[in-house]
Amino acid sequence: MMRTRPKIPWRPFALIATIIFLFGYPAYLYTDILITGGITHRGDLLVVDLKALSSFEMDQDIGTTEDIPPRYRQLDGKRVLLIGQMWEPYTADGQIRAFTLVYSISNCCFSGPPKVQHFIQATVPPNQSVDYSPDFVDVVGTLHVGVESAEGHVQSVYRIDVEKVAKD
């Protein structure tokens, strides 16, 4: 008489694994952003999550540099990698020398009107240009952090001197 192994029910294991993945992975991502502030290292670059970088409240008229969380103020003058989408409505030939970088054109600002801290003003060095891309791009450069105001309104919080732009 041949002995048979008892069948192991695989469906409960598959269900439990699916539930763990569906709830565990988003919880991991959220916890990671809370701990790191969206700032990680990749070689000699600081990789900064644009959504995390802009997720704080600040008065849009009289905000000051002190309103920017300290972990982001400490990025001033650092070489960073930002991943986002370009916005430049006035390009005709596809070559641009300045643009605005956002974490996502289609997903930005569901909680109300856009805020100045959602936009990174990007400047390409003189006599150079980069190709415009509607897709996500990797932007490497030196980040400048600090409130710049004019005419009673905050004009910018973040600026980057672009070294390189590549499709993500």
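The values are calculated or read from the model by the stated rules, or taken from the named source; none is laboratory data. Everything quoted here is computed from the prediction, not taken from an experiment. Neighbour counts run over all protein chains shown; Cβ positions are idealised from the backbone, glycine included. Remember, those area values only see protein heavy atoms, side chains included, never the ligands or the DNA or RNA. Shrake-Rupley method; radii C 1.70, N 1.55, O 1.52, S 1.80 Å.
Brief remarks follow.
- Length-normalised contact order of the chain in % [C-alpha pairs under 8 Å, at least 6 apart]: 21
- Using the 1.4 Å probe convention, the accessible area of the chain works out to 67 Å² per residue with neighbouring protein chains retained.
- Calculated FRET value between residue 87 and residue 13, using beta carbons and R₀ = 45 Å, to 0.05: 0.45
- Taking the protein heavy atoms of the chain in the context of the full set of protein chains, the accessible area attributed to carbon and sulfur is 59 percent at 1.4 Å.
- The value for segment 54-168 of Rg(Cα) / (2.2 N^0.38 Å) is 1.05.
- Stokes-Einstein D (µm²/s) once Rh is taken as the Kirkwood radius of segment 59-127 over alpha-carbon pairs, at 10 °C in 1.306 mPa s: 111
- Our coupling estimate for segment 135-143, obtained by passing each phi through the Karplus curve with A = 6.51, B = -1.76, C = 1.60 and θ = phi - 60°, is 7, 5, 10, 9, 10, 10, x, 9, 8 Hz, Gly and Pro reported as x.
- Extended-chain gain in nm, criterion 0.36 nm per residue less alpha-carbon gap, residue 59 and residue 131: 22.5 nm
- For residue 47, residues with placed amide H under 5 Å, excluding near neighbours: 40, 41, 42, 81
- Measure of compaction for segment 1-118 (Cα Rg per 2.2 N^0.38 Å): 1.67
- Overall, the chain carries a charge dipole of about 1420 debye about its Cα centre when +1 sits on the Cβ of Lys and Arg and -1 on the Cβ of Asp and Glu, all other atoms neutral.
- Theoretical ellipticity at 222 nm over the chain - DSSP helices of four or more residues, -39500 (n - 2.57) apiece, nearest 500: -6500 deg cm²/dmol
- Using C-alpha pairs below 8 Å separated by at least 6 residues, the relative contact order for segment 78-168 is 34 percent.
- Over segment 14-62: Rg over Rh, Cα atoms, Kirkwood Rh: 1.19
- Rh by Kirkwood over Cα pairs, then Stokes-Einstein D for segment 98-151 at 1.002 mPa s and 20 °C, µm²/s: 161
- Ranking 107, 36, 122 by Cα position along the charge dipole of segment 1-132, where only Lys, Arg, Asp and Glu carry charges on their C-beta atoms, puts 36 farthest toward the positive end.
- Straight-distance crosslink candidates among lysines, where the alpha carbon sits under 23 Å from residue 167 and sequence neighbours closer than 8 are dropped: 51, 78
- Long-range amide H partners of residue 55 with built H, under 5 Å: none
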